[in-house]
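The values are calculated or read from the model by the stated rules, or taken from the named source; none is laboratory data. Just so we're clear, the structure is a prediction, and the values are computed from it rather than from any experiment. In this analysis, Cβ positions are derived from the backbone assuming ideal geometry, glycine residues included, and neighbour counts consider all displayed protein chains.
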Amino acid sequence: MLDLTPKEITERKALRINPCKTCQPVGALYCALGVHKCMPHSHGSQGCVSYHRSVLARHFKEPAIATTSSFSEGACVFGGGSNVKTAVKNIFDIYDPDIIACHTTCLSETIGDDLNTYIQQMDIPTGKMVIHCNTPSYVGSHINGFFNMMAGFIEYLAEKADICNGKIGIFPGFVNPGDMREMKRIAELVKADYIMFPDTSGVMDAPITGRYSMYPKGGTKVADIKKLGAVRRIIALGEITEQEPCMVLKRKCNIESDIMPLPIGITNTDEYIMSLTRLTNAEVPYSLEEERGQIVDIMLDSSAHVFGKKAAIYGDPDTVLGIASLVLEMGMIPKYMLTGTPMDSFSKKAQVLLNKYGVADQCQVKAAGDLFELHQWIKNETVDILIGTTYGKQIAKAEDIPMVRAGFPVLDRHAHALQPIVGYKGALRLVEMILNAILDKQDRICADEDLEIVL
């Protein structure tokens with residue numbers, strides 16, 4: 001399929017081929033789904049929200065609810081104020097959410113619609129709320145949309161208090177609900193009293209009960225978001241994703257944050273656990289020590305099969321950095337690290353990580369890249385494994401490279417969103433998938449006399 005991709009690399013400034021990202025409203029919609037009884041609202045056309053919902057539904061294999069201002073030609077010319085005011089009234093009347101979270105689209109941003117003013121002019125029912133954030137589709141990525149919506153919730157809802165409520169705030173980053181469940185499990189094991197925001201567990205991984213519920217049991221409650229202004233401290237997971245929400249909370253409520261990498265791999269998980277225990281003064285339970293020992297044991301047992309192997313890792317910036325940390329712990333080399341999100345901080349943090357392991361001169365890093373360029377890199381110097389989203393499968397097929405799916409979106413497999421890649425258990429799962437992918441190819445291509453039964 002991609003056999004005609006040229007080896008010669010030409011610099012491109014205004015063109016992306018096979019992008020390694022999607023647009024801001026997708027991230028904003030996902031963040032809003034992590035709030036209990038919240039209706040995400042797309043201030044744009046019906047086609048916009050249809051795409052955003054379909055991306056999330058295809059990844060999570062769950063319905064992604066959202067409403068729209070249903071822009072027509074008239075709204076494009078005269079503005080969408082009338083549309084969004086009518087929409088909000090109908091949404092509260094028909095769907096009865098506790099809160100509506102509005103985000104903009106490229107269309108409403110281009111014509112300059114002022115959602116803040118529109119919201120002030122609305123007749124909002126008593127006890128209900130409408131918040132908004134700006135998410136122009138033509139800049140940034142879904143990661144920007146995710147943290148912009150987080151910042152919007154905090155700006156509208158977080159309340160500064162003179163008395164600390166004793167809780168710990170956990171910002172999980174742009175991860176699957178299975179990852180959020182694992183983060184919460186670890187927090188509970190070290191006796192943390194926490195508020196996780198947002199929390200899509202119990203929403204985008206809700207079980208079949210025989211009856212459809214528009215608002216499942218999961219999600220962060222609005223009352224808990226208000227309490228974020230009085231927590232002891234925020235533990236923010238995802239150095240790139242969580243910078244903006246932490247800055248907004250600091251400015252509004254003077255709450256300090258510990259911003260750290262996603263807890264993917266041993267080192268990053270250690271940092272997450274130790275940050276929790278410093279706040280709870282609890283001992284690390286033996287169950288976590290046991291999990292850590294198991295992943296170290298598996299890495300040692302399998303090192304002969306993966307040491308020195310080269311990996312191409314692509315996807316969301318914090319996910320790429322986390323997986324790169326894990327493969328370095330395995331003795332592998334993250335030959336290529338690429339994200340479509342345009343964040344210079346990604347490249348800087350990647351270089352720090354690679355310098356720590358002394359392999360910076362062997363690796364290539366790029367933000368605001370695309371998978372066409374990644375394919376060209378691989379054509380010039382191949383790798384042993386691809387790790388990233390579904391959109392890399394064409395490269396894997398064209399170059400006969402084993403592939404491990406991780407991150408967002410994964411559209412062609414099932415159950416991934418329910419299982420973690422964070423924590424020690426998530427590391428164990430990733431190590432198994434990476435090891436199996438490499439060994440499966442080895443078994444497939446080796447001569448009959450070299451096919452081993454015991455490895």
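What to note about this one:
- Within the set Ser50, Ser42, the sole residue that is modelled with pLDDT of 95 or more and either assigned to a loop (DSSP other than H, G, I, E, B) or touching a His at 6+ places or on another chain (Cβ under 9 Å) (or both) turns out to be Ser42.
- When Asp318 is tested against the conditions (1) part of a helix (DSSP H, G or I); (2) over 28 Å from Asp412 (Cα atoms), the lone failure is (2).
- The listed residues are Arg251, Arg292, and the only one of them that is closer than 22 Å to Glu182 by Cα, in a helix (DSSP H, G or I), more than 22 Å from the chain's Cα centre (by Cα) and modelled with pLDDT of 95 or more turns out to be Arg292.
- Counted residues, segment 196-231 - those being in a helix (DSSP H, G or I) and touching a strand residue (DSSP E or B) at 6+ places or on another chain (Cβ under 8 Å): 5
- Taking segment 321-347 as the range and being in contact with an Asp or Glu (Cβ under 9 Å, 6 or more places away or on another chain), surrounded by 24 or more Cβ atoms within 10 Å (Cβ to Cβ) and part of a helix (DSSP H, G or I) as the test, the residues that pass are Leu321, Phe346.
- Considering residues of segment 348-382 that are polar (S, T, N, Q) and not in a helix (DSSP H, G or I) only, the residue nearest to the chain's Cα centre (by Cα): Gln364
- For Glu239, the conditions (1) assigned to a loop (DSSP other than H, G, I, E, B); (2) in contact with a Cys (Cβ under 8 Å, 6 or more places away or on another chain) all hold with the exception of (2).
- Checked against the criterion of being buried (at least 21 other Cβ atoms within 10 Å of the Cβ) and farther than 16 Å from Ala312 by Cα, segment 427-442 contains one or more residues that satisfy it.
- The combined condition, being free of Cβ contacts under 8 Å to residues at least 24 places away in the same chain, small (Gly, Ala, Ser) and in the same structural domain as Gln376 (by TED's automatic domain parsing), is fulfilled by Ala304.
- When segment 399-455 is filtered for residues that are modelled with pLDDT under 95, not aliphatic (A, V, I, L, M) and not in a helix (DSSP H, G or I), the ones remaining, listed by number, are Cys446, Glu452.
- Residue within segment 358-366 that is in contact (Cβ under 8 Å) with a residue 60 or more places away in the chain and under 26 Å from Gly145 (Cβ atoms) present: no
- Only one entry in Met149, Met122 is modelled with pLDDT of 95 or more and either surrounded by 20 or more Cβ atoms within 10 Å (Cβ to Cβ) or within 21 Å of Asp224 (Cβ to Cβ) (or both), namely Met149.
- Residue match in segment 71-82 (condition: out of contact with any Gly (no Cβ under 9 Å at 6 or more places or on another chain), free of Cβ contacts under 8 Å to residues at least 60 places away in the same chain and surrounded by 19 or more Cβ atoms within 10 Å (Cβ to Cβ)): no
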